[in-house]
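Data block below; observations after.
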Amino acid sequence: MALADPAPAFDYKSKTALVIDDFPSMRAAFKTALAAFGLTKVDMAATAAEAISRVKRTRYDIIISDYNLGGGRDGQQVLEEMRHLGLIGLETAFLMVTAESVYERVVAAAELAPDDYLIKPFNADIMRTRLDGILAKKETFRQIHRDFMAGHMEAALAGCDGLIKGRSKYLIDAMRFKGEVLVAMGRHDEAGELYEQVIRMRAVPWARLGLARTLQLRNRLPEAERLLVTLVGQYPELVSGYDLLADVQVAMDKSHEAQVTLKRGVTMSPRSVQRQRRLGQVSYKNQDIEEAEGAFGAVVSKGKNSIYLAPDDFANLSRVYLETERGSDALRVIQDNQSWLQESTEGKLVASVMTGLYQARKGNVAEAERHMKEALRHRQMGADGKPELLLDMAEACLKSGLDEQAAQLVSEVARNAHDSEQLLDQAKRIYAAAGKGSEIDEVIRKATEQVARLSKEGALLAQKGDLVNATGTLLQAAQQAPRNPRVLMNAAWVALRLMEEDAGQSQHLAEVRALLEEAWNIAPDHPRIGGLQTKLRLVEAKLGFRSVPLRKKGPSHGRP
Amino acid sequence: MDDHDLYAALLHETKNHLVLLTLTLDSIPHTRQDAHDAPLDAARLLGHKVAERLMQAMLLYKAEAGALRLNAVNAYSPEDMVAEMAQQARSLAKHLEVVARVDADVPPIWFFDRNLLQMALMNAIHNSISYARARIEVRAALSDGMLALSVRDDSDGYPEHILELTAQGLPLQSNGTGLGIRFARLIAQAHRNEEREGELRLYNDAGAVFEMRLP
Ligand SMILES: Nc1ncnc2c1ncn2[C@@H]1O[C@H](COP(=O)(O)OP(=O)(O)O)[C@@H](O)[C@H]1O
């Protein structure tokens, strides 16, 4: 029998904190309470935007945020944005203050969870023990977190195992983190087993969600679907469950089910820009234009202050309006947001293309041509566009007599989308509508033929174990389709396997890194990308290269 | 704004004010002079009790038909729980001896809803602060495969009618005292693991013993 001591008292004097709350009196009360612990270096923020800008300038040990921040923003969004932008790392303690009624929803967010919660009403002692608890845990995990962030995955795993074997009170936390490390390493079977082990102890939602993700990654889609359907049935507030379920359903070609799933997620938590966007995309694909309009509209209105808002969101909404013959609305979307769009070349491209397409559909050929020439200039300046936008651009070019440029655009899209029927069909429809259907087949055939052949050959060679020739072939395919994340990842995967086996092949290393960087920038959430990044790090380490994280490209269209 | 929104807004405001009040009281230093410290401690205890009643009211609102669903079960350390509860007791009752105990066979983690469990235990602690003569013990033990978290004091013990009340398992909605205890029972029962259900045990053993048993 042991006497339990009060939690270790931490030295708060050397720590810095940020308090985020929209009520001045509450901020003051937090400040007083923290001062009583000895923590005097406290900054305040009244809004999400203020908090983000503070965190950009200052590093804090502790962040305390109220969940309700007013202005349609909440503490969970603040946390996600800070993590997403890399403004806070695993070493920062994040304490979320919630009302009991939202607590469950916040807990259910599960994936990007705060370190702990403080439920109102609370007192100074509870606040103190929560903070002590977080800091003690951070200290225990410090080296594991450092190893993880430095890409020393094996060391991070060993650290977790130590805690698991040592019957620590962080046993479950260690298992949870180990699951994340294993997934990041692409060791999905082991991660799955680990989650099953937790579930055998208790079927906690996060472990079931983790298991479902590993099933998805192992392409065991029906199992993942079944698990997730039960999970969100039991925990309707588990919003990340809907996201994953929808991804699984899309991969199973059940896009109508995916739409229903996303709709439920959006109803549960309408603020998420990404979820609304996904709902819009899936509905659009299902030709449910009404739902697509609602969702894309929500992205633009709710995303006003969100870092996730992208120029493409305006194109999506504008496109839906054009589709339903509401040209003036389509134009308004662009015009009302002109100043924001003009802040980046991507935004400028969206503005010119959608305005040009509007004019083209109205039959104002000269106007359309003027905008398309502008759009082509933005492209020359390096403006990136989603394939859907490039097809819009092709259509407007075609309608304004810029046939050659249209064909070039279609060819570029097709080269990067030999495996996407949806995009290729869309290209064909555009040409058919212009009465030029026969011309485009040849363009598409020429553009896709080589990539398709190289991909197939490369896959066959890899299967046969001829990694040298498979790598050569797939790297060629990647050069042909530099914007197709699947092609890039296939090439990277095989090349990494080759270098793993034969250190003499290290000449491919730089190219592979570039491919992965590109793939990651195009499809940051692709389920395979994490595993590939880890593999890259391992191979680089093995070949004696210092590994650095992949680079995010270009200035993201952010706000101050 | 419909009635529901209004209700939510009022509740939100009340909670915020209660937090402010509590933090303000907590920030007033003790002076070691009874004329100052005694009313301060009384006020702090009252603040806690108001908060407790408010949480019970919200729980009642949620627990339709007497059933309570747990959505936030996770792994927590029983030892931390005991330490945290003992700390609460110490800080509210400087005149009492507060002991925290964790039996050697208690596992490092157990699965429960920390928030609800805390609410139940705090109710017991508030009661013990009112009734104990000199001593309160918060303890974690393992009993029949269940985690037993208990609050024990050296009071005269529970009156007979309260012990009967728990024995009979009266429904939440019935009138009379014992509301805190009924909530605790509800919370205990909501904890399930496979076929087993949690339970609240109240008994007298040289004082009152309040024990939450969790599967
Ligand atoms: N530690 C204790 N020692 C003696 N009597 C107690 C103790 N705790 C509770 N009681 C008795 O049990 C009654 C019911 O407790 P509880 O349900 O917590 O109170 P309430 O009805 O105020 O919610 C109290 O009014 C008191 O008579």
*To the nearest 0.05, how large is the calculated FRET efficiency for A:MET252 and B:ALA35 if R₀ is 60 Å and r is the Cβ-Cβ distance?*
0.25
*In nm, to one decimal, how far is the modelled label at A:ARG57 from the one at B:ALA206, with both set 7 Å along Cα→Cβ?*
6.1
*Accessible carbon and sulfur surface of the stretch B:73-214 relative to its total accessible area, %, 1.4 Å*: 46
_If you fit an axis through the alpha-carbon atoms of helix A:239-251 and take the longest principal axis of the Cα set of chain A, what angle between them do you get, 0 to 90°, nearest 10?_
30
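Give the B-A buried accessible area in Å², both sides summed, 1.4 Å probe, nearest 100.
Numbers: alone 12040 and 26540 Å², together 34370 Å².
Summing both sides, the interface buries roughly 4200 Å².
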_For chain A, radius of gyration divided by Kirkwood radius, i.e. Rg to Rh on alpha-carbons_ = 0.99
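Work out, step by step, the length gained on full extension between A:ALA541 and A:ALA514: first 0.36 nm times the residue separation, then minus their alpha carbon distance; give nm to one decimal.
Additional length available on full extension: 8.0 nm.
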*Give me the angle, in degrees from 0 to 90, between the Cα long axis of helix A:467-480 and the longest principal axis of the Cα atoms of chain A, rounded to the nearest 10.*
70
*Once you sort the root eigenvalues of the Cα gyration tensor of the stretch B:1-154 as a ≥ b ≥ c, which label holds: rounded (a/c under 1.5), prolate (a/b larger than b/c) or oblate (the other case)?*
oblate
_the stretch B:3-64: translational diffusion in µm²/s, Stokes-Einstein, Kirkwood Rh over Cα pairs, 10 °C, 1.306 mPa s_ = 120
_With θ taken as phi - 60° and the coefficients 6.51, -1.76 and 1.60, list the Karplus ³J(HN,Hα) couplings across the stretch B:194-207 in order, rounded to whole Hz; mark glycine and proline as x._
6, 8, 9, 10, x, 8, 9, 10, 10, 7, 10, 8, 6, x
_Farthest toward positive dipole pole in the protein assembly as shown [+1 Lys/Arg, -1 Asp/Glu at C-beta], among A:TYR321, A:GLY472, B:LEU60_ = A:GLY472
*For the stretch A:12-149, what does the alpha-carbon gyration tensor say about shape, rounded, prolate or oblate, given a ≥ b ≥ c as the root eigenvalues, a/c under 1.5 as rounded, and a/b over b/c as prolate?*
rounded
*What shape does the stretch A:452-543 have by the C-alpha gyration tensor, where a ≥ b ≥ c are the square roots of the eigenvalues, rounded means a/c under 1.5, and otherwise prolate means a/b greater than b/c and oblate the rest?*
oblate
*For chain B, with a Gaussian network of springs between Cα atoms less than 10 Å apart, report the residue from B:LEU163, B:LEU149, B:LEU92 with the top mean-square fluctuation.*
B:LEU163
*Which one of B:ASN204, B:ASN193, B:ASN127 has the biggest mean-square fluctuation once chain B is modelled by GNM with Cα springs under 10 Å?*
B:ASN193
*May I ask you to give the percent of accessible area on the stretch A:219-318 that is carbon plus sulfur, with a probe radius of 1.4 Å?*
51
*Using R₀ = 45 Å, calculate the FRET efficiency as 1/(1 + (r/R₀)^6) where r is the Cβ-Cβ separation of B:ALA8 and A:ALA433; round to 0.05.*
0.30
*Under 15 Å Cα-Cα from A:LYS456, which aspartates and glutamates qualify once same-chain neighbours fewer than 8 residues away are excluded?*
A:ASP419, A:ASP466
*Return the average number of partner chain Cβ atoms within 10 angstrom of each residue Cβ along peptide A:452-459.*
0
*Span-like helices, chain B: DSSP H, alpha-carbon axial extent 18 Å or more, mean Kyte-Doolittle -1.0 or greater, which ones?*
B:3-26, B:34-62, B:78-92, B:114-131
*Determine which lysines satisfy two conditions relative to A:LYS386: a Cα distance under 19 Å, and not lying fewer than 8 residues away in the same chain.*
A:LYS285, A:LYS348, A:LYS373, A:LYS428, A:LYS552, A:LYS553
_If I fit a long axis through the Cα atoms of helix A:205-217 and take the longest principal axis of the Cα atoms of chain A, what angle between them do I get, 0 to 90°, rounded to 10?_
30
_Counting only protein heavy atoms, probe 1.4 Å: which residues of the stretch B:76-97 lose 30 Å² or more of accessible surface in the full assembly compared with their chain by itself?_
B:ASP80, B:ALA83, B:GLU84, B:GLN87, B:GLN88
*Cross-link list A:LYS169/B:LYS94; A:LYS165/A:LYS535; B:LYS15/B:LYS62; A:LYS56/A:LYS138; A:LYS254/A:LYS302; B:LYS15/B:LYS49: which exceed 24 angstrom alpha carbon to alpha carbon?*
A:LYS169/B:LYS94; A:LYS165/A:LYS535; A:LYS254/A:LYS302
*Estimated FRET transfer efficiency (B:GLU195, A:ARG200; beta-carbon r; R0 22 Å; 0.05)*: 0.90
*May I ask you to list the trypsin sites (Lys or Arg not before Pro) in the stretch A:209-311 that are in a DSSP loop and have at most 15 other Cβ atoms within 10 Å of their Cβ?*
A:ARG218
*So what is the calculated 222 nm ellipticity per residue for chain A, using -39500 (n - 2.57) for each DSSP H run with n of 4 or more, over all residues, to the nearest 500 deg cm²/dmol?*
-22000 deg cm²/dmol
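Given charges of +1 on the Cβ of Lys and Arg and -1 on the Cβ of Asp and Glu, with all other atoms neutral, how large is the dipole of the stretch B:73-214 about its Cα centre, in debye to the nearest 20? Display every interim value, and only then the final one.
Details: 14 positive and 20 negative charges, 81 e Å.
So the dipole magnitude of the stretch B:73-214 works out to roughly 380 debye.
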*Can you list the aspartates and glutamates whose alpha carbon is less than 15 Å from that of A:LYS362, not counting same-chain residues fewer than 8 positions off?*
A:GLU323, A:GLU325, A:ASP329, A:ASP392, A:GLU395
*Can you give me the three principal axis dimensions of the stretch B:73-214 from its C-alpha atoms, in Å, biggest first?*
35, 35, 24
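The values are calculated or read from the model by the stated rules, or taken from the named source; none is laboratory data. Keep in mind the model is a prediction, meaning the values are calculated, not measured. We place every Cβ from the backbone using ideal geometry, glycine too, and count neighbours over all the protein chains shown. Heads up: the accessible areas ignore ligands, DNA and RNA and are worked out on the full protein's heavy atoms, side chains in. Shrake-Rupley method; radii C 1.70, N 1.55, O 1.52, S 1.80 Å.
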